[in-house]
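Colleague: Got a structure for you, questions after.
The values are calculated or read from the model by the stated rules, or taken from the named source; none is laboratory data. Remember, it's a predicted structure, so these values are computed and weren't measured experimentally. When we count neighbours, we look across all protein chains shown, and the Cβ atoms used for this are built from the backbone with ideal geometry, even at glycine.
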Amino acid sequence: MFDFTYTTSSARIVFGAGSLRLVQNEVQALGARRAVVLCTPQQRAQAEEVAALLGPSCAGVFDGAQMHVPIESARRAREHARELGADCAVAVGGGSTIGLGKAIALESALPILAIPTTYAGSEMTPIFGITENNVKRTGKDPRVLPKTVLYDPSLTLGLPVDMSVVSGLNAIAHAAEGLYAKDGNPVMSLMAEEGIRALAKGLRAIKANPKDLNARSECLYGAWLCGTVLGSVGMALHHKVCHTLGGTCNLPHAQTHTVILPHALAYNRAAAPEAMQRIARALGADDAPSGVYALARELGAPLSLRELGMRLEDAEKVIDLALANPYWNPASIEREPLTDMLMRAWAGTSPQQ
Ligand code: NAD
């Protein structure tokens, strides 16, 4: 029997290899004339390509996007956008660059056109994060949700295989937790299962040939689906533990998601049987936690927090923080099983059966 409330958020999605050529039309469709193009220093060349396609609709390029959106870079970007008289932000990059666009929109309500080049999914969420004094403040605001998202898989051809793999597993984590979300709904579950299927298939093909445009397209399609799930329903234990590890131990975002996911799923296996069945089916596996672990191993992803640089002595602090202010979770969150889960993830052993 169904019983749900579902609020859709509206964004225009333009998807396809070569769709970048439509960027000027899309900026104009937003009623904008002077776009500021945002990027990291590493993606300056891609941003210049976008600026050239925008022609007179481009007011300038700002290449100061940084991981975790430090408040200083947000202030500089806001100032730059004001000086240029920008009426739109075009964010070309991963979650960090799109996060910078969100930091601008939060104050100015400037519309964002996002051009994602990783699978992190930030472009489909109203969630923002800004880091000040080493603390990342996150929140939700409809003004930061991009108005248009242009997915062009050809822009992801140069994303290195190791980054593609962890970014894709990061996306799978959004969908996996969406399948057992307290506020989930049948449409999100369809998107989640399809997103996991597309990413598992696409990542295997990228591992074999990083320049396979069909595989890149499959992964970006999966990323769109998984990002939509992240933006629509609540996340649980897995995301809480990853955020705590990121903040406390300064571990890399996508890699941490990759390591934790099989263990968080094992924690919730008994409490969310239908979600587990759907995750396993999407992966073509018998069991969801072991299936995710096997996929990560097959793709050559990191399997332990130890190899990401986490010190064992920090485990207690992480557990205290995760217990202090837990997210809703299908299985109750308790110290002993949580410690066991974290120890397995730290060592990289297979998830609990
Ligand atoms: P990222 O944006 O930090 O990118 C990592 C590096 O890869 C950067 O140097 C970037 O320039 C480079 N890069 C990106 N795409 C490339 C490409 N196609 N080719 C070559 N290099 C490329 O990484 P991410 O994993 O996409 O984002 C992580 C950040 O996003 C975290 O801070 C995370 O908290 C945030 N995030 C936010 C949300 C949200 O809803 N607000 C969702 C997911 C992630």
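Colleague: If residue 208 satisfies all but one of (1) more than 13 Å from the ligand (Cβ to nearest atom); (2) in contact with a helix residue (DSSP H, G or I) (Cβ under 6 Å, 6 or more places away or on another chain), what's the number of the condition it fails?
Modeller: It is condition (2) that residue 208 fails.
Colleague: Here's another thing I want to ask about it. Those residues that are crowded, with 19+ Cβ neighbours inside 10 Å, more than 16 Å from the ligand (Cβ to nearest atom) and aliphatic (A, V, I, L, M), I need them from region 52-67; list them, please.
Modeller: The answer is 54, 59.
Colleague: Under 6 Å by Cβ, and 6 or more places apart or on different chains, what pairs join a residue from region 152-164 that is under 15 Å from residue 49 (Cα atoms) with one that is within 7 Å of the ligand (Cβ to nearest atom) and assigned to a helix (DSSP H, G or I)?
Modeller: Within 6 Å, no pair qualifies.
Colleague: Of all residues in region 1-41, count the ones that are touching a residue at least 12 places away in the same chain (Cβ under 8 Å) and part of a helix (DSSP H, G or I).
Modeller: Of the residues in region 1-41, 11 are touching a residue at least 12 places away in the same chain (Cβ under 8 Å) and part of a helix (DSSP H, G or I).
Colleague: Pull up region 138-150, narrow it to residues that are in a strand (DSSP E or B) and under 16 Å from residue 97 (Cα atoms), then point me to the one that is modelled with the lowest pLDDT. Show your work before the answer.
Modeller: So the first thing to find is which residues in region 138-150 are in a strand (DSSP E or B), and the list is 138-140, 148-150.
Adding the requirement that they be under 16 Å from residue 97 (Cα atoms) leaves 138, 148-150.
On the way: 138: 90, 148: 98, 149: 98, 150: 98.
Among those residues, the one meeting the criterion is 138.
Colleague: Suppose the filter is over 22 Å from the mean Cα position of the chain (by Cα) and of a type in the set (Gly, Ala, Ser); does residue 300 pass it?
Modeller: Taking the combined requirement at face value, the residue does not satisfy it.
Colleague: Among the residues of region 138-156, which ones are within 10 Å of the ligand (Cβ to nearest atom), within 16 Å of residue 15 (Cβ to Cβ) and aliphatic (A, V, I, L, M)?
Modeller: Once the filter is applied, which keeps residues that are within 10 Å of the ligand (Cβ to nearest atom), within 16 Å of residue 15 (Cβ to Cβ) and aliphatic (A, V, I, L, M), region 138-156 yields only 155.
Colleague: Run down 319, 260 and say which single residue is in contact (Cβ under 8 Å) with a residue 12 or more places away in the chain, assigned by TED's automatic domain parsing to the domain that holds residue 340 and within 16 Å of the ligand (Cβ to nearest atom). Reasoning before the result, please.
Modeller: Working: 319 fails: within 16 Å of the ligand (Cβ to nearest atom).
Testing whether each residue is in contact (Cβ under 8 Å) with a residue 12 or more places away in the chain, assigned by TED's automatic domain parsing to the domain that holds residue 340 and within 16 Å of the ligand (Cβ to nearest atom) leaves just 260.
Colleague: Now, a different point. Please give the number of the condition residue 10 fails out of (1) within 16 Å of the ligand (Cβ to nearest atom); (2) under 20 Å from the mean Cα position of the chain (by Cα); (3) surrounded by fewer than 16 Cβ atoms within 10 Å (Cβ to Cβ).
Modeller: (1)
Colleague: Oh, and also: Scan 202, 246, 234, 222 and give me the residue that is within 12 Å of the ligand (Cβ to nearest atom) and either of a type outside the set (Asp, Glu) or assigned by TED's automatic domain parsing to the domain that holds residue 141 (or both). Write out each step before concluding.
Modeller: Working: 202 fails: within 12 Å of the ligand (Cβ to nearest atom); 234 fails: within 12 Å of the ligand (Cβ to nearest atom); 222 fails: within 12 Å of the ligand (Cβ to nearest atom).
After ruling out the rest, the residue left standing is 246.
Colleague: Given the criteria more than 23 Å from residue 38 (Cβ to Cβ) and either within 13 Å of the ligand (Cβ to nearest atom) or buried (at least 24 other Cβ atoms within 10 Å of the Cβ) (or both), does residue 123 qualify? Give the derivation first.
Modeller: Values: more than 23 Å from residue 38 (Cβ to Cβ): no; either within 13 Å of the ligand (Cβ to nearest atom) or buried (at least 24 other Cβ atoms within 10 Å of the Cβ) (or both): yes.
No: the conditions fail for residue 123.
Colleague: Test residue 148 against the criterion of being of a type outside the set (Gly, Ala, Ser) and in contact with an Asp or Glu (Cβ under 7 Å, 6 or more places away or on another chain), and give yes or no. Steps first, please.
Modeller: Details: of a type outside the set (Gly, Ala, Ser): yes; in contact with an Asp or Glu (Cβ under 7 Å, 6 or more places away or on another chain): yes.
Yes: the conditions hold for residue 148.
Colleague: I'd like to verify a number: residues in region 282-313 that are more than 18 Å from residue 351 (Cα to Cα) and either among the basic types (Lys, Arg) or surrounded by fewer than 17 Cβ atoms within 10 Å (Cβ to Cβ) (or both), how many?
Modeller: Here the count works out to 4.
Colleague: Take residues that are of a type in the set (Val, Ile, Thr) and either in contact with an Asp or Glu (Cβ under 6 Å, 6 or more places away or on another chain) or at pLDDT below 95 (or both) and tell me which of the strands (runs of 3 or more DSSP E) falling wholly in region 52-137 contain 2 or more.
Modeller: Values: elements: 58-62, 88-93, 112-116, 127-132.
Fully inside region 52-137 and qualifying: 127-132.
Colleague: If you go through region 171-178 one residue at a time, do you hit one that is surrounded by 24 or more Cβ atoms within 10 Å (Cβ to Cβ), more than 30 Å from residue 108 (Cβ to Cβ) and acidic (Asp, Glu)? Write out each step before concluding.
Modeller: Going residue by residue through region 171-178, those that are surrounded by 24 or more Cβ atoms within 10 Å (Cβ to Cβ) are 171-178.
Now drop any that are not more than 30 Å from residue 108 (Cβ to Cβ), which leaves 172-173, 175-178.
From what is left, the residues that are acidic (Asp, Glu) are 177.
Yes, that holds for at least one residue.
Colleague: Give just the number: which of (1) at pLDDT below 95; (2) more than 21 Å from residue 342 (Cβ to Cβ) does residue 243 not satisfy?
Modeller: So the condition that residue 243 fails would be (2).
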